[in-house]
Amino acid sequence: MEKKVYKLKKPVKLFILFIILFTIGAYFGNKYYQDYLYKHSNTYYLLELGYSESDVNILTSKLSEDEQKNIIDRGYNEFIPSFVNEKYFMFKNLDKYLDQVVTKDEDFFNYVGVDGYDYSNIVAIVNVHQDETQYTGDYKTNIDDNYALLVNKHYYLGDYTPDDLVNIEWKYRYGGENDIYQIRSDVYNAFIEMWNAAYSDGIYLLILSGYRSYADQEKEYNYYYNLRGTTYADSIAAHPGYSEHQTGLALDIYSKECSSQNDFENSNTYKWLIDNSYKYGFILRYPKGKEKITGYNYESWHFRYVGKELAEKVHDLGLTYDEYYAYYLEK
């Protein structure tokens, strides 16, 4: 018995041929299209400029599309990936970061190697405007920030007076019984809460200084200026209109256990404050080793009220308030 052979009809053959050709065309068309897209991508352009794959990963993962295009338009710059990779990098400050490392010489790009630069420190200094001239009044303190407001050698407070100042009881302050020390009402209440907690742990807190008016700060600054000149005065006291004490949010804290203010850093009171003050809304404002960022010498006694929630965030991140404000609030 002969085996029956089935032959495909011509229309079926044509349909199969069409499917095959369509599949091949779609494969190569898609491949061409993907190649076209890649060669018009930021990744491709960055690689073509000379950035390494690891640099390109940094740039494409941490920058927006528009920011990547900005980098491409600049041409190759070996410093950029190192800055972009910093935790507190802000794109708006890129040119200012680069000014700290980039010369204006025509042969700059013959320079090889980026080791030796402290990128974290450069980013921090630029973010808080410490690369700029101090006391120019270029930045106005935003009073509407309330407890979060920033005052330093760049942020000018002007002739401001809080409207909720209260007198501090003698129990909580240093000086004579009839002396008048003031602080903002909510700050005072927070301090009393902190005072009670410290007292229960055998610590007796004393307020050495609170609110100072514009005129008081002027006298304070002039005292140090007349004593040892501008450089010394600027390292230890703010110009009038630039002082945190004028906000009514800052306290200089002392302790009965200390014989002088210089002993405060080594006191049990200081250790207690470092461990606990943030729980009541206070932060150490001018920490040790951060002088180039804060603009002031280390002051173990100067604490600033920012509110409990904000104080906890600043404490947990280990930042100065200048850095926190620049990256998380001003940004």
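The values are calculated or read from the model by the stated rules, or taken from the named source; none is laboratory data. Because the structure is a prediction, the values reported are computed rather than measured. Cβ sites come from the backbone with ideal geometry, for glycine too, and all protein chains shown count toward neighbours. All accessible areas refer to the heavy atoms of the entire protein, side chains included, with ligands and DNA or RNA removed. Shrake-Rupley method; radii C 1.70, N 1.55, O 1.52, S 1.80 Å.
Would you check if Asn127 is under 29 Å from Tyr188 (Cα atoms), polar (S, T, N, Q), buried (at least 18 other Cβ atoms within 10 Å of the Cβ) and modelled with pLDDT of 95 or more?
Answer is no for this residue.
For segment 240-256: of the residues being open to solvent by 10 Å² or more (accessible area, probe 1.4 Å) and more than 28 Å from the chain's Cα centre (by Cα), which is modelled with the lowest pLDDT?
Among those that are open to solvent by 10 Å² or more (accessible area, probe 1.4 Å) and more than 28 Å from the chain's Cα centre (by Cα), it is Lys256.
Would you check if there is a residue in segment 144-152 being among the small types (Gly, Ala, Ser) and either at pLDDT below 95 or open to solvent by 40 Å² or more (accessible area, probe 1.4 Å) (or both)?
For segment 144-152, residues among the small types (Gly, Ala, Ser) and either at pLDDT below 95 or open to solvent by 40 Å² or more (accessible area, probe 1.4 Å) (or both): absent.
What's the number of the condition Phe282 fails, among (1) closer than 16 Å to Ile253 by Cα; (2) open to solvent by 10 Å² or more (accessible area, probe 1.4 Å)?
(2)
With the requirement that a residue be in a helix (DSSP H, G or I) and free of Cβ contacts under 8 Å to residues at least 12 places away in the same chain, what does segment 243-281 give you?
Asn262, Asp263, Asn266, Lys271, Ile274, Asp275
Looking at the structure I just gave you, is Ile274 surrounded by fewer than 21 Cβ atoms within 10 Å (Cβ to Cβ), under 27 Å from the mean Cα position of the chain (by Cα) and within 30 Å of Asp316 (Cα to Cα)?
Answer is yes for this residue.
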